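Each remark here refers to the structure printed beneath this line.
The values are calculated or read from the model by the stated rules, or taken from the named source; none is laboratory data. Nothing here was measured: the structure is a model prediction, and the numbers come from that model. With ideal geometry, Cβ positions are generated from the backbone for all residues, glycine too; neighbour counts draw on all protein chains shown. The area values use the complete protein model at the heavy-atom level, side chains included, leaving out ligands, DNA and RNA. Shrake-Rupley method; radii C 1.70, N 1.55, O 1.52, S 1.80 Å.
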Amino acid sequence: MTDTETFYAELQAFAGIEVGKPMFGPDLVNAPMIRHWCEAMGDGLAIYIDAEAAAASAHGGIVAPPTMLQAWVMRGLEGLKGRPDSPYSDLLNKLDAAGFSSVVAVNCDQEYERYLRPGDALSMRTTIESVSAEKKTGLGVGHFVTSRQSYYDQHNELVGSMVFRILKFRPPAPSTGVPAGASSRPKRPRPTPTDDGTFFFEAAKVHKLMVQRCADCGYYQYPPHVACQQCQSYSVVPTEVSGKGEIYSFVVTHYPQVPSFHYPLSVALIQLDEGPRMISNIVGTDPSELAIGMGVMVSFVDCDDELTLPMFTVVNR
Ligand code: ZN
């Protein structure tokens, strides 16, 4: 057996294991938490928040949104202080020690057996369903870990379950700060433009910033659409714009690091003078010095032989 095969075999020892003791929800299912959740999610369904309407419904009273399932047993801020001892932690620690120290959530599927009502007391048991063989992914080499959380009520009846998959992967080597093109880093992901959007990338190749402008009402729009978003006319024409604008909002991303990008990476929403907003990168300014409202000007970056992208530099306005 190779080292990879031996390691995979060791990981398989965790598959099927039920993880430690059940976790108990710190609070009973309750109307205030349901109300706050609905407010945060923008869900105004009466059976969740309107006691009178809920009483008159088939449910006979308020019920919790099914998607709150996980919230009832979640650990609070205390839970951020480290992993409790369990076979699941042992598995993650083992992957960490082998260099698969980064983590990203991959997917989550929930199934519901019944609606939860105020007064229900939930507990949760976790089983490690599977650990994949070593896989090559866009983020790096890693193992997929799939766990199942089963939720029970005060009568020990199953009320719902959740399958949760994470990727534990080996992080890329730290950024060297070498400019794009001068290093062996992989190329940036290719855009996949539609027929309506090809002009944007073709224009960028010749260092022009173009968006659609409606020939009927004059409205500028980006991203491209098949028709004018203002007057529904189909006469939307690629038109060069000034490239001037300002930072409407931005984030600076640090992790997870995709090998084709430099980090920290400034991702900004640019308010163009002509009206549309555009997501792009800010180049030439330390991300720590960026601020909302700063003036910017388009700057074309030749990422490689095939791809030129409009990015933005900070300018005084
Ligand atoms: Zn129009």
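Annotations for the structure displayed:
- Computed label-point distance, nm, for sites R165 and I279 using a 7 Å Cα→Cβ extension: 2.3 nm
- Fully extending the segment from S130 to M33 would add 31.6 nm, taking 0.36 nm per residue of separation and subtracting the current Cα-Cα distance.
- Based on Cα contacts under 8 Å between residues 6+ apart, the chain shows a relative contact order of 13 percent.
- Interchain or long-range residues, amide H under 5 Å from V315's placed H: G295, V296, M297
- Prolate/oblate/rounded label for region 198-315 (Cα gyration tensor, a/c 1.5): prolate
- Look at the dipole of region 77-161 built from charges on Cβ: of L122, G160, T137, the Cα furthest out on the positive end belongs to T137.
- Qualifying chymotrypsin sites (Phe, Trp or Tyr not before Pro) in region 192-260, where qualification requires a DSSP coil assignment and no more than 13 other C-beta atoms within 10 Å, comprise Y234.
- Model label zone, A97; criterion: amide N under 15 Å from point 7 Å along Cα-to-beta-carbon; scope region 1-32: 7-14
- The eigenvalues of the Cα gyration tensor, multiplied by 5 and square-rooted, give region 24-70 an equivalent ellipsoid with semi-axes of 18, 13, 9 Å from largest to smallest.
- With all protein chains modelled, accessible area of S235 [1.4 Å, Å²]: 50 Å²
- The chain, accessible surface, carbon-and-sulfur percent (1.4 angstrom probe): 54 percent
- Coupling constants for region 305-317 follow from the phi torsions by the Karplus curve (6.51 cos²θ - 1.76 cosθ + 1.60, θ = phi - 60°), and in residue order they are 4, 9, 10, 10, 10, x, 10, 9, 10, 6, 9, 7, 10 Hz; glycine and proline get x.
- Straightening the chain between H155 and D3 buys 50.0 nm, computed as 0.36 nm per residue apart minus the Cα-Cα spacing.
- Our coupling estimate for region 198-206, obtained by passing each phi through the Karplus curve with A = 6.51, B = -1.76, C = 1.60 and θ = phi - 60°, is 4, 4, 4, 6, 5, 5, 4, 4, 9 Hz, Gly and Pro reported as x.
- A Förster distance of 25 Å, applied to the separation of the beta-carbon atoms of L265 and V206, puts the FRET efficiency at 0.45.
- Compared with the direct C-alpha span, the chain from T313 to D195 gains 39.6 nm at full extension, assuming 0.36 nm per residue.
- Taking all C-alpha pairs of the chain, those more than 26 Å from each other amount to 65 percent.
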